[in-house]
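To keep things clear, I will list the structure first and then write my remarks on it.
The values are calculated or read from the model by the stated rules, or taken from the named source; none is laboratory data. From a predicted model like this one, the values you see are computed outputs, not experimental measurements. Here the Cβ is made from the backbone with ideal geometry for all residues, glycine too, and neighbour counts use every protein chain on show.
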Amino acid sequence: MLLFLVGVGPGDPGLLTLRGLEIIRRSVIIGGWSSVLERFSDLLSGKVVVRISYSTEERDLSFLVDSAANNDVSILIHGDPSVSDWQFVEKIRGLCLSKKIPMEIVPGVSSVNVALAREGLDLANTIFVSLHRSGFIDYNEILRGLALGRVVVVFPEPYPDGPQRIARFLIKAGFEKDRRVRVYEKLTFPDEVSSEYSVEGLANEHKGFSDLSVVIIYPDLGKG
């Protein structure tokens, strides 16, 4: 029996891989955040479903890992587990190691892949920075990527003003205020939004952004 961490893609259920679909179908118990599980409700009929919440996360994960001793168990994760939520993955990995439960990561399509496709960019010419984490957050990672002349793709902090925080940091660091920035929200969802700004325009934006946002920063004025 195994515990599977299944990357289910950035939004559109059609981006679930065939391997991911196979694992979900064969699993007896399925866990995940409600926002992820609701996208695959048609696959959950007849299964034990564990809706993980912040208040019950420790208990929920312990139950899922323990259950994998006798059943195939899947935890559905937004995007790709190795990109979108590595701290969550490491927490589960630690539990599996302590309980001697084998674990397999099933890769999925990340919103980074989709953002690159939307912009016509190649991974070889970009730097990816995730600020969507707990603990110390180093915005200087963005500067290091731009200094290399690369396009920087950023997961902002998961707050309504996450993209604005990036823009304000860039201005404070002395970058051109009219540097081009694009923000994608809820990639591949029906209500996906794409917005283009200057750095200054983004810094002064009053709207709140989705916590499923990707910010793309171009290294030279007018590029892209």
Of the residues in the range 38-60, those that are buried (at least 16 other Cβ atoms within 10 Å of the Cβ) and touching a Gly at 6+ places or on another chain (Cβ under 8 Å) come to ARG39, VAL50, ILE52, ASP60
The residue that is farthest from the chain's Cα centre (by Cα), considering only those in the range 179-201 that are within 22 Å of LEU116 (Cα to Cα) and among the charged types (D, E, K, R), is ARG179
Checked against (1) of a type outside the set (Val, Ile, Thr); (2) modelled with pLDDT under 95; (3) surrounded by fewer than 17 Cβ atoms within 10 Å (Cβ to Cβ), LYS172 satisfies every condition except (2)
Among helices (runs of 4 or more DSSP H) completely within the range 60-162, the ones holding 3 or more residues that are over 16 Å from GLY9 (Cβ atoms) are 86-99, 140-147
Of (1) at pLDDT 95 or above; (2) buried (at least 22 other Cβ atoms within 10 Å of the Cβ), PRO81 satisfies every one except (1)
Exactly one of GLU90, GLU104 is in contact with a Phe, Trp or Tyr (Cβ under 9 Å, 6 or more places away or on another chain), surrounded by fewer than 17 Cβ atoms within 10 Å (Cβ to Cβ) and not polar (S, T, N, Q), and that one is GLU104
Counting only residues in the range 88-110 that are free of Cβ contacts under 8 Å to residues at least 24 places away in the same chain and touching a strand residue (DSSP E or B) at 6+ places or on another chain (Cβ under 9 Å), the one nearest to GLY135 (Cα to Cα) is identified as PHE88
Of the residues in the range 31-59 that are part of a loop (DSSP other than H, G, I, E, B) and farther than 24 Å from ASP211 by Cβ, the one that is farthest from the chain's Cα centre (by Cα) is GLY46
